[in-house]
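Data first, discussion second: the structure below is written as structure tokens.
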Amino acid sequence: LQTPDGKTCKLSDFFGKLTYIDVWATWCGPCCAEIPHLEKLVERFKDNDKIQFISISVDTALKAWLNKLEKDKPAWAQFIFPKEEAARFMQAWGISGIPRFILIDRNGKIYAADAPRPSDEGLVEILEKAMNEEYHTGESHKRHLMNTVPEYTEEIARLILQRISGTIGEEEAG
């Protein structure tokens, strides 16, 4: 990741807080439409030390990105990928379209790989819940799966938890 002033950092530099990531580009109309909503979200949580917001641009035109930042003057951290890394990131995360919002817990684990957009009325509740629960452990993780993705059945949630904890297959071997 590269900052507007050219410094580099890694996503892992942000571990320690719940991190809401905005993946966007200047040429993306829906991405730009989310910016005012993201501004309100950042303002709402500005004094909360449990959460941080970052935007990562996948623009290939550095100048367009810098011009947009100069115009909008966002109050949260902004980054861009070097050209060769943007495509790799998109592929690794399975991102085929933007905007994409990702929520990462304080331990660096994925809380939601496709989090709600800032314009989604339910997002604030999800963020507050994520800040105040134990991240991805046992019943807490199961409740998260069941509450945010209602089509998950009890059995599917159990299988996902087994996969995450590495216990899948032990019952059959038992």
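The values are calculated or read from the model by the stated rules, or taken from the named source; none is laboratory data. The structure displayed is predicted, hence computed values, not measured ones. Here Cβ is always computed from backbone atoms with ideal geometry, including for glycine, and neighbour counts include all displayed protein chains. The area values use the complete protein model at the heavy-atom level, side chains included, leaving out ligands, DNA and RNA. Shrake-Rupley method; radii C 1.70, N 1.55, O 1.52, S 1.80 Å.
So in segment 115-128, with the set limited to residues that are part of a helix (DSSP H, G or I) and free of Cβ contacts under 8 Å to residues at least 12 places away in the same chain, which one is surrounded by the fewest Cβ atoms within 10 Å (Cβ to Cβ)? It would help to see each step written out before you state the result.
Our first condition is that a residue be part of a helix (DSSP H, G or I); within segment 115-128, this holds for 123-128.
Within this subset, residues satisfying the condition of being free of Cβ contacts under 8 Å to residues at least 12 places away in the same chain are 125, 128.
Working: GLU125: 12, GLU128: 15.
Among them, the one singled out is GLU125.
Among the residues making up segment 86-114, a single one is among the basic types (Lys, Arg) and open to solvent by less than 60 Å² (accessible area, probe 1.4 Å): ARG100.
To keep it simple, each residue is scored yes or no on (1) open to solvent by 40 Å² or more (accessible area, probe 1.4 Å); (2) farther than 22 Å from PHE89 by Cβ.
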residue: CYS9; (1), (2): no, no
residue: LYS17; (1), (2): yes, no
residue: GLY29; (1), (2): yes, no
residue: HIS37; (1), (2): yes, yes
residue: LYS50; (1), (2): yes, yes
residue: SER57; (1), (2): no, no
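Within segment 91-105, residues that are outside any loop (DSSP other than H, G, I, E, B) sit with their Cβ atoms under 9 Å from residues that are surrounded by 20 or more Cβ atoms within 10 Å (Cβ to Cβ) and charged (D, E, K, R), at 6+ positions apart or across chains, in these pairs: ARG100/ASP22; PHE101/ASP22; PHE101/GLU34; ILE102/ASP22.
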